[in-house]
Amino acid sequence: MAEDKGPVKVPDGKTPYYTTRQMKPTDKGFVGYETVWVEPHKVAEYQTPKRP
């Protein structure tokens, strides 16, 4: 018959905008996903212009 193999590990989903990772199952068996957003660009720190 079918054997209970437990939760299946899903590989990380990667896009240019975010990455999803599978979380550990809870005591009720619910498996959630964590979303990590990637910053679209780096923000440079403001520097005051040089005085003439």
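The values are calculated or read from the model by the stated rules, or taken from the named source; none is laboratory data. Given the structure is predicted, the values throughout are model-derived calculations rather than measurements. FYI the Cβ positions are ideal-geometry reconstructions off the backbone, even for glycines, and counts take in every protein chain you see.
Out of the residues in the range 6-26 meeting the condition of being of a type in the set (Ser, Thr, Tyr) and surrounded by 11 or more Cβ atoms within 10 Å (Cβ to Cβ), tell me which one is nearest to Pro40 (Cα to Cα). Steps first, please.
Taking the range 6-26 as the starting set, the residues that turn out to be of a type in the set (Ser, Thr, Tyr) are 15, 17-20, 26.
With surrounded by 11 or more Cβ atoms within 10 Å (Cβ to Cβ) added as a condition, the list becomes 18-20.
On the way: Tyr18: 10, Thr19: 13, Thr20: 16 Å.
Only one residue fits best here, namely Tyr18.
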Pairs, first at pLDDT 90 or above in the range 34-51, second surrounded by 10 or more Cβ atoms within 10 Å (Cβ to Cβ) and outside any loop (DSSP other than H, G, I, E, B), C-beta under 6 Å, six or more apart: Glu34/Arg21; Thr35/Tyr18; Thr35/Thr20; Val36/Thr19; Trp37/Tyr18
